[in-house]
Amino acid sequence: MALITVSACGGNTPQASEETQPAPVQSEAITYRSDADGYEVTYPVGWHVVGERLTPNLDDPREILALATYETPVGGDRCEHHPVAALEALGPRDALVALYERRPPWPEGRYPPREPADAVLRPGTGRFCVPDRDRLDAWFPFGNSGRGFYLLVAIGPEASARTRQDVTAILDSLTFQAS
């Protein structure tokens, strides 16, 4: 069962003077929880949870979440371990986040603790089967709640600062149930 909650942040800001001031920005967020896969994530309106596995032939690690700012095609003609079609469709202003969970048992020390998103989102940490030297690609393993994960992030070279902030907020919002 998945639970989706929409919340709005922001509100009325007290007026400092009688001058007309712009209204505060309303930032809406959606919380998505997968009881079956044991996680919860919050993402901004304008992003969407991909309804199908982007890597349909990959069983281990198994894709348990994909979020994107664009329509993401499934599969690809090579590299079944990465969402090739979705990466090929990623536009210069788009972003994609995909989460994969490894089946136990895991090699000792294989999954380091999760770091804050701003520590891992840097160019060159992942080069997928759809290389693009201008795109920010990150692929990193981490352990959380006794579970082993891989996270794939792709951000187009012309993505706005807001989109990059959204990616960081999404990654930092992920919480996991213990295995």
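Quick note: the coordinates plus some simple rules give every number you see, no bench work behind them. Given the structure is predicted, the values throughout are model-derived calculations rather than measurements. Quick reminder, even Gly has a Cβ in these numbers, built from the backbone with ideal geometry, and neighbours come from all protein chains shown.
A compact table of results
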item	result
Protection-proxy order for peptides 83-91, 167-175, 29-37, each taking the mean of Cβ atoms within 10 Å per residue, highest first	83-91, 167-175, 29-37
Cα gyration tensor shape of region 48-171, rounded if a/c is under 1.5, else prolate or oblate by comparing a/b with b/c	oblate
Listed residue (Val74, Leu171, Pro61) projecting farthest to the positive dipole end of region 48-171, Cβ model	Leu171
Neighbourhood net charge (12 Å Cβ-Cβ; Lys/Arg +1, Asp/Glu -1) for Thr42	-3
